[in-house]
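Asks: Could you have a look at this structure, given as structure tokens, before my questions?
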Amino acid sequence: MEKKNLDWENIGFGYRKTDKRYVSEYRGGSWDEGRLTSDANVVLN
């Protein structure tokens, strides 16, 4: 995966679409190893 060049001085706190996002699930008292996904939907239960 190509590293993006971010302007850290002006990053802001708004929505920023990215190519991937990191997803990890907490079950049985611990977090799994996680994965990268291109799915932009965040599901909260």
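The values are calculated or read from the model by the stated rules, or taken from the named source; none is laboratory data. The structure displayed is predicted, hence computed values, not measured ones. We place every Cβ from the backbone using ideal geometry, glycine too, and count neighbours over all the protein chains shown.
Asks: Which numbered condition trips up Glu33, out of (1) at pLDDT 95 or above; (2) not in a loop (DSSP other than H, G, I, E, B)?
Replies: (2)
Asks: Looking only at the range 13-30, decide whether some residue is touching a strand residue (DSSP E or B) at 6+ places or on another chain (Cβ under 8 Å), part of a strand (DSSP E or B) and surrounded by 10 or more Cβ atoms within 10 Å (Cβ to Cβ).
Replies: Scanning the range 13-30, I find at least one residue that is touching a strand residue (DSSP E or B) at 6+ places or on another chain (Cβ under 8 Å), part of a strand (DSSP E or B) and surrounded by 10 or more Cβ atoms within 10 Å (Cβ to Cβ), so the answer is yes.
Asks: Right, next: How many residues are of a type outside the set (Lys, Arg) and over 23 Å from Met1 (Cα atoms) when one looks only at the range 23-38?
Replies: 5
Asks: Under 8 Å by Cβ, and 6 or more places apart or on different chains, what pairs join a residue from the range 34-45 that is farther than 12 Å from Ser24 by Cα with one that is of a type in the set (Asp, Glu)?
Replies: Between residues of the range 34-45 that are farther than 12 Å from Ser24 by Cα and residues that are of a type in the set (Asp, Glu), the close pairs are Ser38/Asp19.
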